[in-house]
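No lab work stands behind these numbers, since they all come straight from the coordinates. Just so it is clear, the model here is predicted, and its values are computed rather than measured. Cβ placement follows ideal geometry from the backbone for every residue including glycine, while neighbour counts extend to all protein chains displayed.
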Amino acid sequence: MRSFALALILLAALAGSALPAAQPSRTETRKAAAPALPDAELEKAIRARFAKSKIAANNFQVKVVNGTATLTGRTEIIQHKGTATRMARAAGARAVDNRIEISETARRRAGEKFARTRPQVKRVPAAAP
């Protein structure tokens, strides 16, 4: 009887050690996979991305504080503002404060283009009863 109890205890101990370890949650995995860069390195990485792209001609300024990138400058092309935000996030910024100003000329051109390409809706008169 005693040997049977010892066998059960040994079997339980072996079974307990054979259980797989708990898997980390998705957020824990992401945190481990993407370590935060120090502000100076993050700023350097964002500037390097800007320098390699078409938005380099805009000479946007970048300042990073506590993982938040603040972008300033002026552009003649509306799309460059969004591109700068996406590039800063891709470099590792936790948040982006985009203060890039779009020139009045660029705004006017975009408005004209929107007016030309906006589909016209034809109204059909209601059928007579």
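Annotations for the structure displayed:
- Between VAL124 and LYS54, residue separation times 0.36 nm minus the direct Cα-Cα distance comes to 20.6 nm.
- Segment 36-116 - charge dipole about Cα centre, Lys and Arg +1 at Cβ, Asp and Glu -1, debye rounded to 20: 340
- Placing pseudo-labels 7 Å out from each Cα toward the beta carbon at ILE77 and PHE114 gives an inter-label distance of 2.0 nm.
- Prolate is the label for segment 36-116, because a/c, from the alpha-carbon gyration tensor with a ≥ b ≥ c as root eigenvalues, is 1.5 or above and a/b exceeds b/c.
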